[in-house]
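> My questions all concern the structure below.
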Amino acid sequence: MSDARKPNETSTDEAQPGGSEGPGYTTPQAAIEESTPEKVAYVMGLYVGTDVDAPDFLGVVDVDPDSESYTEVIDRVEMPNRGDELHHFGWNACSSSCHVEGLERRHLVIPGQRSSRIHIVDTKDRRNPELTKVIEPEEVFEHDLSAPHTVHCIPDGNVLISMLGDRDGDLPGGFLALDEDFEVEGRWEPPGEIEMNYDYWYQPRHDVMVSSEWAAPKTYYPGFDLDDVEAGDYGRRIHVWNWEDRTVEQTIDLGEEGLIPLEVRFLHSPEATHGYVGAALSSNVFHFHDAGDEWRAERVIDVEAREHDGWEMPVPGLVTDLLVSMDDRYLFFSNWLHGDVRMYDISDPSNPRLADRIWAGGHFGDPAPVQDRELAGGPQMLQLSLDGERLYWTTSLFSSWDDQFYPEEAERGSVMLKADVDPRRGTMQLDEEFLVDFGELPAGPARAHEIRWPDGDCTSDVWR
Amino acid sequence: MSGGSVHETVLSWSAGRETVIGVRADESVLGAAERADLALPFGCRTGACATCTGRVVDGWIEHTRPPRALKDRHLAAGYVLLCIAEPRSDCRIEVGSDVRTELVSNPWK
Ligand code: FES
């Protein structure tokens, strides 16, 4: 039995949210009301693919303005191997397993996108987490899967990971299940339900999951090549699953306007059957929903490509990440190539209305340095505080793609930035006081990727 | 070490640094570099990701698995995947992270 279930132990420095045992909050509204402002952020830090002789790490960033080490990387949990490309990660338990007695939101499941190695980190001591277990790639390849991506806990205490390729880095991908002791349980779905895979989100009350498509690992790993797009090697479909049966019930082709659909987010309300997916290459956001007899997806936001001095072709925004605020009122997304973060009012989910946006870095943003620090990339992975008032982001996308579009990032490293959000007015403002510089770490400049909060966040918490 | 052949392999970095290592007939260039305590970039170690890309400027190597991360144009230009590349002669190989970045460029530029 894993140490995930020790109901009588309390966390060392902070109690569980709401002062009670358990992995989460009973409702999204409870998350907003009962949560306290985030004090630490867990952020992926990367050296993969560079000449820096160091492994990727889990960075602990101090985001408590009252702390002496505010905006510093106060701890780094180094992985045992180089070459992982830590990318996305998730919790052993979230609010969807709120009702499972004795479960704690305590272990981070951290896959290596390139290595297919899966790491388990215990965050009992929030400021000093510890690596406790490693699942080696061979164990993953045994199930004819590779390239682990999105990690969600699923309601019974198990963990599900989307896998983008087969053991050779080719198609099809699938899903890998871990049990509550973080042992590989095996493949979750009947193999061959899908070809391409990327992100997914489930809404258990409606017995539904929606998954998206990047490409075969062998296609996207080396870098982005338009020839692969022309050859049809990049995704443009989303899949609607029967959650209980683990089968695809409907596949929606988003067409040319939906090329490379990446992050999938349902609204947080467990009642909702509305969600969004961002199509990175065609730079659109689609709204999907249950129309009764079938699911539909409609393009609701279109980011126009822009001419860039000295570049041959109009440049797409590249919508790489998006998130929905905990109160389901706002949608935020990043245009990694252009350099803006946008905020849309989605009170009417099928008609998002642009509320505000911020330019920071990117190829079009006024590349004003923050605190004299030149920004070597554009806004990428986003995370929002549970109360919806602080939006944070990092700038690295994927090491080989960074090298193509922001080559200076390898030398300068990433930054983590923050905006103050006013949810009542629907406005955002860049916080010039906040800068976490991943360029200044002992082993050398690092890339920074996904961000998570210890008490759950807007891009991973699901309710049942 | 058995009496099998060991190929003298010169690794050269873009910054001008050079090192010679011996690569046994049954090991990859990446494996031999690790045995010699030299850090070369890598990721998947299965020939899918190109993170370990090198470029053979002299000599003959063979891939022990299909080099899925490389396209025909890359293979024709001498690029190899060091995680699955075994020398069949003495070699001279450009290594380091810059070699991978030569494989693809910014398509909008
Ligand atoms: S390490 Fe991935 S191709 Fe060699």
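> Which of the GluC sites (Glu not before Pro) found in the stretch A:281-328 are in a DSSP loop and have at most 13 neighbouring Cβ atoms, other than their own, within 10 Å?
Values: sites: A:294, A:298, A:304, A:307, A:312; in loops: A:294, A:304, A:307, A:312.
Those that pass, being in a loop and sparsely packed, are A:294, A:304, A:307, A:312.
> Shifting gears a bit: What does the net charge come to around residue A:423 if you take all other residues with beta carbon closer than 12 Å to its beta carbon, with K and R at +1 and D and E at -1?
On the way: positive: A:329, A:390, A:424, A:425; negative: A:327, A:328, A:345, A:356, A:387, A:389, A:420, A:422.
Every neighbour counted, the sum reads -4.
> Bin width 10 Å, origin at 0, all Cα-Cα pairs of the stretch A:190-237: what percent of pairs per bin?
23, 45, 22, 9, 0
> Oh, and also: Expressed as a rounded percentage, what relative contact order does the stretch B:13-65 have, with Cα pairs under 8 Å and six or more residues apart? Could the numbers behind the result be given before it?
On the way: 25 pairs, mean separation 10.2, N = 53.
Taking the mean separation of contacting Cα pairs over the length of the stretch B:13-65, I get 19 percent.
> Take peptide A:219-227, look around each residue's Cβ out to 10 angstrom, count Cβ atoms belonging to other protein chains, and average those counts.
The mean count of partner-chain Cβ atoms within 10 Å per residue comes to 6.
> Toward the positive end of the charge dipole of the stretch A:355-464, about the Cα centre and with charges on Cβ (Lys, Arg +1; Asp, Glu -1), which of A:378, A:421, A:399 goes farthest?
The one lying farthest along the dipole's positive direction is A:421.
> Along each principal axis of its Cα atoms, how long is chain B end to end? Whole angstroms, biggest number first, please.
In descending order, the Cα extents are 52, 30, 23 Å.
> Something else now. For residue B:71, which lysines qualify as cross-link partners when the Cα separation must be under 26 Å and same-chain residues fewer than eight apart are set aside?
A:218, B:109
> Still on this structure: Quick one: 3J(HN,Hα) in Hz for the stretch A:288-303, Karplus 6.51/-1.76/1.60 with θ = phi - 60°, rounded, Gly and Pro as x.
Working through the residues one at a time gives 10, 6, 7, 8, x, 7, 7, 8, 10, 10, 10, 6, 10, 9, 10, 8 Hz.
> Determine the calculated [θ] at 222 nm for chain B from helices alone, applying -39500 (n - 2.57) to every DSSP H run no shorter than 4 residues and normalising by the residue count; nearest 500 deg cm²/dmol.
-3500 deg cm²/dmol
> Rounding to the nearest 20 debye, state how big the charge dipole of the protein assembly as shown is about its Cα centre with +1 on each Lys and Arg Cβ and -1 on each Asp and Glu Cβ.
760
> Go ahead and estimate [θ] at 222 nm for chain A from helices alone: -39,500 (n - 2.57) per DSSP H run with n ≥ 4, summed, over the residue count, rounded to 500.
That calculation yields -1500 deg cm²/dmol at 222 nm.
> What's the center-to-center distance, using Cα atoms, between the stretch A:432-450 and the stretch A:107-133 in Å?
20
> What ³J(HN,Hα) values, in whole Hz, does the Karplus curve 6.51 cos²θ - 1.76 cosθ + 1.60 give for the stretch A:204-217 when θ = phi - 60°, with x put for Gly and Pro?
x, 5, 9, 6, 9, 9, 10, 10, 10, 9, 9, 5, 5, x
> Let me know the charge dipole size of the stretch A:399-464 about its Cα centre in debye, to the nearest 20, where only the beta-carbon of Lys, Arg (+1) and Asp, Glu (-1) is charged.
Result for the stretch A:399-464 is approximately 340 debye, rounded to the nearest 20.
> Also: What number, in percent, do you get for the relative contact order of the stretch A:64-212 if the mean sequence gap of Cα pairs under 8 Å and at least 6 apart is divided by its residue count?
16
> Read phi for every residue in the stretch B:87-95 and hand back ³J(HN,Hα) as whole Hz from Karplus 6.51 cos²θ - 1.76 cosθ + 1.60, θ = phi - 60°, with x for Gly and Pro.
x, 10, 7, 5, 9, 10, 10, 7, 10
> Keeping all protein chains in place, calculate the accessible area per residue for the protein assembly as shown (probe 1.4 angstrom), answer in Å². Walk me through the intermediate numbers first.
On the way: 20310 Å² over 573 residues.
On a per-residue basis, the protein assembly as shown sits at 35 Å².
> Can you give me the relative contact order of chain A as a percent, contacts being Cα pairs under 8 Å and 6 or more apart?
13 percent.
> Something else: Check residue A:132: other-chain or 5+ apart residues with amide H under 5 Å from its amide H, H built from backbone geometry?
Those lying under 5 Å, H to H, from residue A:132 are A:120, A:121, A:122.
> Moving on to the next point. Provide the three semi-axes, in whole Å and in decreasing order, of the ellipsoid equivalent to chain A as defined by the square roots of 5 times the Cα gyration tensor eigenvalues. Write out the running numbers ahead of the final one.
Details: eigenvalues 153, 138, 113 Å².
Result for chain A: semi-axes of 28, 26, 24 Å.
> Going toward the positive end of the dipole of chain A, with +1 on Lys and Arg Cβ and -1 on Asp and Glu Cβ, which of A:208, A:341, A:61 do you reach last?
Positive-most Cα among the choices belongs to A:208.
> Could you point to the residue in B:13, B:56, B:103 farthest towards the positive end of chain B's charge dipole, with +1 and -1 charges on the Cβ of Lys/Arg and Asp/Glu respectively?
B:103
> Would you grab the residues whose amide H sits under 5 Å from the one on residue A:145? Only those 5+ places off in sequence or on another chain, please, with H modelled 1.01 Å from N.
A:167
> Return the loop-located GluC sites (Glu not before Pro) in the stretch A:203-279 (DSSP other than H, G, I, E, B) with at most 12 other Cβ atoms within 10 Å of their own Cβ; answer none if there are none.
Answer in residue order: A:244, A:271.
> A further question on this structure: Using the alpha-carbon centroid of each, what span in Å lies between the stretch B:1-77 and the stretch A:214-237?
Answer, in whole Å: 25.
> Let me ask something else. Given H placed on each backbone N at 1.01 Å, which residues far from residue B:51 in sequence or on other chains put an amide H within less than 5 Å of it?
Counting only residues 5 or more places away or on other chains, the set is B:43, B:44.
> OK, next. For the stretch B:93-109 and the stretch A:317-395, what is the separation of their Cα centres, given in Å?
Going from one Cα centre to the other spans 29 Å.
The values are calculated or read from the model by the stated rules, or taken from the named source; none is laboratory data. Since we're looking at a predicted model, the values are computed, not measured. So basically every Cβ, Gly included, is an ideal-geometry build from the backbone, and we count neighbours across all protein chains shown. To get the accessible areas, we keep the full protein, side chains included, count just its heavy atoms, and leave off ligands, DNA and RNA. Shrake-Rupley method; radii C 1.70, N 1.55, O 1.52, S 1.80 Å.
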